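All of the numbers you see were taken from the coordinates with simple rules; none came from a lab. All values reported here derive from a predicted model rather than from experimental measurement. Positions of Cβ are backbone-derived with ideal geometry, glycine not excepted, and every protein chain shown enters the neighbour counts.
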């Protein structure tokens, strides 16, 4: 693979199920804390528009951002990643079931 292709792939990850899982976990954690996007952004030291883009699955966080977000959510980064992984597995299973049903209906 050419170096520029590798850079494009790293900058443009396309795993919608994982992005949805992260977005859902982020929203749920904010709701539990009773904070809005601006409150999380302030606590995490990131821009509110970045939080919005994460919650709409428009982007994914860097490792640094992930740690900042966990701090803003008052949890350990490992707990955040674990929770997202659980949601991702659930999303992945649901997508597989839907694909199977569509295949059966064809």
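Report summary: the helix-based calculation at 222 nm, which adds -39500 (n - 2.57) for every DSSP H run with n ≥ 4 and divides by the residues of the chain, gives -25000 deg cm²/dmol.
May I ask for the angle, rounded to the nearest 10°, between helix 77-105 and the longest principal axis of the chain, with both axes built from Cα atoms and the value confined to 0 to 90°? For 77-105 against the chain, the angle is about 20 degrees. The length gained on full extension between residue 15 and residue 76, counted as 0.36 nm times the residue separation minus their Cα-Cα distance, comes to 19.6 nm.
Computed from the Cβ-Cβ distance with R0 of 25 Å, the FRET efficiency linking residue 97 to residue 36 stands at 0.15.
If you run the Gaussian network model on the chain, springs between alpha carbon atoms under 10 Å, then out of 79, 91, 17 the most flexible one is 79. Axis of helix 63-72 versus longest Cα principal axis of the chain: the two differ by about 60°, to the nearest ten degrees.
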